[in-house]
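Working notes for the structure below.
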Amino acid sequence: MKKDFLKMVAVMLPILFLFFVSVSLAKTSSNQVVATVKILPRHLEIKIKIIQPENKTYYRTSDRDSILLIFKIDNIPFWMAFKSKYWVGYSLDDSPIVELKYYMKVINDVHPGTHKITVYANDTSGNIGSAEVYFTIKKRECKKLFSFKSLSLCL
């Protein structure tokens, strides 16, 4: 009996790293002890790293400009990549969440001022995560050094 228990523990150890185990004991009317083991999937926080925009000030020459959003999802265990599908979205200044199909997006019509962009992700395994970055866009008047047709070089 003791050897069987040790064999079972040796087999179960790798599984314990991937799952939480819940054990409950109950005594029946005939004084038998019944053990119920529940294995619950382990939920992990999805780690998102926003690469662009950075937490800094961007200088632009127009009243409304575009900003590039680039991010990646970090620290996904290899076994999660095969069993989960992701939903990803972003919100600019707490506006409604916009779904993303790619990990890069050009966001148009961003006006000068301080902004917050939040990226959200969740997967089919119940894992969730978010990341946010604050950035500022300031309008700077263009002092033209060079101009050719629609191309200008500003200082």
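The values are calculated or read from the model by the stated rules, or taken from the named source; none is laboratory data. A quick note: this is a predicted structure, and the numbers were derived from the prediction, not measured. With ideal geometry, Cβ positions are generated from the backbone for all residues, glycine too; neighbour counts draw on all protein chains shown. Heavy atoms of the whole protein, side chains included, go into the accessibility calculation; ligands, DNA and RNA do not. Shrake-Rupley method; radii C 1.70, N 1.55, O 1.52, S 1.80 Å.
Computed values, structure above
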| read-out | value |
| --- | --- |
| First in the range 51-68 and open to solvent by less than 60 Å² (accessible area, probe 1.4 Å), second anywhere and part of a loop (DSSP other than H, G, I, E, B) and not basic (Lys, Arg), Cβ under 8 Å, 6 or more apart | Arg60/Pro112; Ile67/Pro53 |
| Residue in the range 87-99 that is of a type outside the set (D, E, K, R), touching a Ser or Thr at 6+ places or on another chain (Cβ under 6 Å), closer than 27 Å to Lys138 by Cα and at pLDDT 70 or above present | yes |
| Long-range neighbours under 6 Å by Cβ, at least six apart or interchain, first residue under 26 Å from His111 (Cα atoms) within the range 124-153, second at pLDDT below 80 and outside any strand (DSSP E or B) | Cys142/Thr61; Lys143/Leu155; Leu145/Leu155 |
| Thr136 modelled with pLDDT of 75 or more and closer than 17 Å to Ser91 by Cβ | no |
| Residue in the range 82-120 that is nearest to the chain's Cα centre (by Cα), counting only those that are within 26 Å of Asp63 (Cα to Cα), β-branched (Val, Ile, Thr) and assigned to a strand (DSSP E or B) | Val119 |
